[in-house]
1. If the limit is 30 Å between Cα atoms, which of A:Lys174/A:Lys523; A:Lys137/A:Lys424; A:Lys137/A:Lys479 go over it?
2. Once you put a point 7 Å from the Cα of B:Val30 and another 7 Å from the Cα of B:Trp60, both along the Cβ direction, what distance in nm separates them?
3. Calculated FRET efficiency, A:Glu97 and A:Arg276, Cβ-Cβ r, R0 45 Å, to nearest 0.05?
4. Computed over the Cα atoms of the stretch B:28-188, what is the ratio Rg over Rh, Rh following Kirkwood?
5. Which of rounded, prolate, oblate describes the stretch B:121-167, given a ≥ b ≥ c as roots of the alpha-carbon gyration tensor eigenvalues and a/c under 1.5 marking rounded, otherwise prolate only if a/b is larger than b/c?
6. Note the per residue figure in Å³ for the convex hull of the C-alpha positions in the stretch A:492-539.
7. Taking each residue in A:203-209, count the Cβ atoms of any other chain within 10 Å of its Cβ, then average. What number comes out?
8. Assuming a ≥ b ≥ c are the square roots of the Cα gyration tensor eigenvalues, decide whether the stretch A:162-403 counts as rounded (a/c under 1.5), prolate (otherwise, with a/b larger than b/c) or oblate.
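Quick note: the coordinates plus some simple rules give every number you see, no bench work behind them. Quantities reported herein were computed from a predicted structural model and do not represent experimental measurements. Cβ atoms come from the backbone with ideal geometry, glycine included; neighbour counts cover every protein chain shown.
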Amino acid sequence: MSSIPVPSIELTTRNAATGNTSLEPLLTWLTLMFAQLERTFSKVPGSAVIARYVRSSHQNDPGRTVLELILIAFAVRTLLQSRSRDKSEGKLIKFSEKEIDELVEEWTPEPLCAPLTEWEQRDLTSVPVIAGPNGPKPKILSTGKAAVNLASYNFAGLAGNEHIKERAIETLRKYGLGSCGPPGFYGTVDVHLELERDIADFLGTESAILYSQGFITISSVIPAFCKRGDVIVADRAVNFAIQKGIQISRSTVRWYDHNDLKSLEDVLVSVEKDRRKRGAPVTRRFIITEGIFERDGEIVDLPKLIELKHKYKYRLILDESISFGSVGRTGRGLTELYNVPASQVDMLIGSVANGLCSAGGFCTGSTIVTEHQRINGTSFVFSASMPPLLAVAGSEGISYLRNTPSALTTLQENVRAVRAVLEKTEGIAVVGHRASPIVHFHLKTPSSANGSAYGTATSPTTVMPPPTGPPFDCEAEEKILQDIVDDALANGVFITRAKRLRGQEMVETRPTVRIAVTAALTKKEIEKAAGVVKASVVKVLGKRKL
Amino acid sequence: MSSATSLKLNLRPPTQSLKGRQRSASLVKVEEVGGRVEEVLDRSAYVNINANWVNAKGAWLIHVVLVVMGKIIIDTMPGMTQQLSWTLVNLLYLALSYLMFHWVTGIPFDNELHAGAYDDLTLWEQIDDGAQYTPSKKWLFTAPILLFLASTHYTNYNLWMFVINLTALIFLAIVPKLPQLHRQRVRFLAEDASGTATPVTPRSEKALDPSLINDTYFK
């Protein structure tokens, strides 16, 4: 009946042999208990089956049975655990009702907009209000006098052009302000298509696509082509829109030193080596850089860049937001400046707002590139198209540039004049290429070596540049530069600091004053204005030293 | 998770996380994958149909059906002993389930919706959005154990067969399913960390750990 061995008999005999009487009652009690359990167990129906199962599982191998029992215990423990969320997906703190009530009682709403700090307040009030239309010599409301405008982008002098104004008013009477619809749905009017054709024709590419805002054009083009898993090699000093575009694209990004094509080549080689070592498949690869860097006015060496691109089989995304309409014999941009066919650049992005003083941006390239963006360019699909009158203004701007190359030569003369004056000024350092229509200068700290210095070698995985001298005090320098700007405005020259999104850009840059040279002013006026700026610099820096 | 209008994912403190990896001397390194903010956001945008099929009743039953069918088919082979047959069933089940749940990464369907955010995750890590001890995971945990116990019960394994079966069970079925190894990868002979050879965008950026995101992050 019972197959479980009963050890009780051996125990009592052993105890009797050793003569240990103190444990005897306990042991007897235990044996009686076991016998009792056995009898109850055998009364349970199916106990024989279970007993046979356990015996055949055991197979006279206690080690195996122990392991299996451990396994069963582990499985049971797992089954009994309660469900838990993924650690990294946020912790939900569970409050009791009373705690919730307390928190609700204590809560006072914060103001919708935090009150401005003193610096922010000053920054806001320092922006001058212009009475009337903007142009090369607008009337400032606070002083009541006209000031020379060296802050707005007006490279070829198209702002306030009477002929363009007339054409725009005609278009306004014909089309109204526009349908405000997405370009792919009902927002595209024939003048948009005409502007696209004009741009493609002007630059010598196959086709173009028009975006309604110039600033985010590049942020939309990059994620349209670069996806997660693709490789982007970008310059360290690219502007904010490009940084955001790269972030949205979720691609792998490698950085090369600012405007240093040797560093670019090193990074390209290392990317290929890395890929081969990991045995990863070939993905799409892109080089992203700007024609003229908005941050400091450097110009990239386009022929060398194209050569590298062909050698390592990368696609080039060139952001010509500043250089389109301002460099080259007729303003066609960097491709004309270096005599490189624009079809060599895979995606060429330009700004109709900056170069043609209208609004919007464009991307040109082959037909495949532009047609792809009509569905996959998120900014094209999900934003409203620009008003037709601005498209007409853009087209007129292009024909002006074609017919009046003298505007560009005037611009270059003016640039040279401005640089000649500013470079001789004590206490500031002018950065950028000498042909760049935007001129940045920053304060010169006495002991630093201005310009790039190669301290430690940098890794392409980090966006931080190599250290270039002692760290600068951002806020103090901004205050001084703002003083210079205010003083210049009081003397009739309207310049501006380069406004940056502090805390949001990847790398904190040195505060600069940005002068946008324009062809609408004569050389004398420009020289006079630059002289005023120089005087302001000298005055402010002189006062500060006291 | 966070209001879309005020999201400010700046790639800040580059000093600690984007510097590139220091040279490591160890042969074996355990690394976290797939924990960055952008990836978490991209994953939670849509339902992942590639991973929630394991919650269906049929998906639970199919384990039993396939094991039974496999046993029957293997038993029909001539010269098959009970030991060998059970071992083969056990090992095949463990190998195939390891391949399916713990080796292959990424998603075959709906890849465009998630923008490649699942490319580093195995099916096990995708189930139930990474929650642990869910019903499906408990079943998938128990099934190989039950199979192993059944196999040891019905045969008389000699020592080596037993050891083979047990180690296969532990290393192919139990260890990869442990919650401690969730989204961790063990790398042998990790790549040396010269600046150029470090792998793609920094993986375990503790500075952007979503569990640390609270209100102060957005100020």
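1. Values: A:Lys174/A:Lys523 39 Å; A:Lys137/A:Lys424 26 Å; A:Lys137/A:Lys479 26 Å.
In this structure, A:Lys174/A:Lys523 exceed 30 Å between Cα atoms.
2. A separation of 3.1 nm, rounded to one decimal place.
3. Working: r = 61 Å, r/R0 = 1.36.
My answer for the efficiency is 0.15.
4. On the way: Rg = 17.7 Å, Rh = 17.2 Å.
That ratio is 1.03, to two decimals.
5. Details: a/c = 5.15, a/b = 2.52, b/c = 2.04.
Cα axes put the stretch B:121-167 in the prolate bin.
6. Details: hull volume 4.9 nm³, N = 48.
Taking the convex hull of the Cα positions in the stretch A:492-539, it is 101 Å³ per residue.
7. Working: counts 0, 0, 0, 0, 0, 0, 0.
Taking the mean over all residues of the peptide, I get 0.
8. Working: a/c = 2.38, a/b = 1.67, b/c = 1.43.
Here the stretch A:162-403 falls in the prolate category.
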